[in-house]
Structures are given as C-alpha cells and as structure tokens.
Amino acid sequence: MWTTGAKTLVSHPRRSAALGEIEAYWQALRQDGHVPARADVDPRGLQRALSHAFILERMAPGMARVRVSGQSVNQVLGMDMRGMPISSLFTAGARDGFRDILEQVFCGPSMATLRLTSRQGYLRAPLEAEMMMLPLRGSREDVTRILGGLVVNGDIGRDARRFDIKNSFARRLGVPNDPPHEIAQDTQHSHIISLDDTRFKPTKAAHLRVLMSET
C-alpha cells in the first residue's frame, strides 16, 4: 500500500501540488504521445504524492476496483480501499454520473478531473475535493487501468465521507504531443468552460463535458 503519513489537511484542491505531480509523472511516461503502461508505473517516481495516489482496474463497463490506494484516499472511508469499487467514494445519487466518467477515461481514452463536495452533517463540516484519473494500458495493451489521485480540502473527521460531483471535464487523448488546453471553472454557473477552445461535446453524465482533440 502506498503511504507516506501525510496529513489529511491539504492545499486548495483545484490545482494541488499532489495532483500536478501525478499528472506530470504520467505525462513523462508517455512514449510518442501514447497511453503509458501500468507496468511502467514506479511508486518511487511519485514520492511526494503517494499518499493521494491510487490505481484502478476495470471490472466491467462503468465499474473499476481499487488495486492500490494511498493513505489519504483510505482516510475518506476510514479503511483500506484495496479491492473495493472506486464508486464507494460517492453518494448513491452521484454514482451513475461517475460511471459515465469512468467509461470516458477507459474508452476515450481520456484524462478526467472531477471537483467533488461532501455535504455538511451533524458535527461534520462540508468538504471539497478534487480527483484526477489518467488512463493506463494493461498487459494486453488495452486501457484497463487508471492512475489517479484524490486531494481533500478540509478535515475528513472520524466518520466515512462520500462525495457528490460538483462538476467535471474530460479531454480525449488524440494527437501525440498535443498539449492540454487550459480549463477554467465558471463557478457562478457551475460548469466547465475552456479559455481557448469551445469544442465541448456534452455526454450522458450530468456533470461531464468532453473537450475533443484535433485529428
């Protein structure tokens, strides 16, 4: 299990250092712009982000289980998440939308970022978090794994927390070495907009939009 003993309290989730490191490591593994292989992922390359990292294995359409999980990921539910469906982190009302996002990552393949919220409850403050999911090739060269990260902004507390999806976006991988388009959130209208490209295509997920790459 990947653990570093990092605290639950972290910096602002919309551009956390941990998720930036995970994405930079994944990008460095890409050969000629192709999806990296799971076998190429070495925990030593993610030392400062290990607590927030996870690896998923696809089980069925819209379903994936956790194969590796960092300490900060486990703290959300208060248990080791290895072997559990990643959808366990979400409320019942958010799971259908999350399944659609998973399929975008596996089948696009796409890079996805989700901004999450956990509701306020008795003696529990509301939480915000950000999740990133990046595709990986399995042993048969198809995309069956995901390298991901989860950063929670706030004190999780002792009880398990589950998240709703505030908004999200996915960018389909296309032309090799095509740099990611800069994305910003329009918080007033709670959706995702592009600063330099308007080619968004809505998907079945209520909170997901896909930024198409040029071919």
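The values are calculated or read from the model by the stated rules, or taken from the named source; none is laboratory data. Since the model is a prediction, treat every value here as computed from it, not as a measurement. Here the Cβ is made from the backbone with ideal geometry for all residues, glycine too, and neighbour counts use every protein chain on show. Accessible surface areas use protein heavy atoms only, side chains included; no ligands, DNA or RNA. Shrake-Rupley method; radii C 1.70, N 1.55, O 1.52, S 1.80 Å.
Contact map, region 71-84: residues that are under 19 Å from residue 47 (Cα atoms) paired with residues that are among the small types (Gly, Ala, Ser), Cβ distance under 7 Å, separation 6+ or inter-chain. Pairs shown: 71/5; 71/6; 71/51; 72/6; 72/51. Out of the residues in region 33-58 that are within 16 Å of residue 136 (Cβ to Cβ) and over 17 Å from the mean Cα position of the chain (by Cα), which is surrounded by the fewest Cβ atoms within 10 Å (Cβ to Cβ)? It comes out as 42.
Looking only at residues of region 67-79 that are touching a strand residue (DSSP E or B) at 6+ places or on another chain (Cβ under 7 Å) and surrounded by fewer than 22 Cβ atoms within 10 Å (Cβ to Cβ), we find that the one that is nearest to residue 145 (Cα to Cα) is 67. One residue stands out in region 83-93 among those that are open to solvent by 10 Å² or more (accessible area, probe 1.4 Å) and among the aliphatic types (A, V, I, L, M): the one that is nearest to residue 26 (Cα to Cα), namely 84. Evaluation of residue 8 against the conditions (1) open to solvent by 70 Å² or more (accessible area, probe 1.4 Å); (2) at pLDDT below 90; (3) touching an Asp or Glu at 6+ places or on another chain (Cβ under 9 Å) shows that the sole unmet condition is (1). Residues in region 105-139 that are part of a loop (DSSP other than H, G, I, E, B) and surrounded by 18 or more Cβ atoms within 10 Å (Cβ to Cβ) were compared, and the one that is modelled with the highest pLDDT is 109.
Filtering 99, 82, 67 for residues that are assigned to a loop (DSSP other than H, G, I, E, B), farther than 19 Å from residue 173 by Cβ and at pLDDT 95 or above leaves a single hit, 82.
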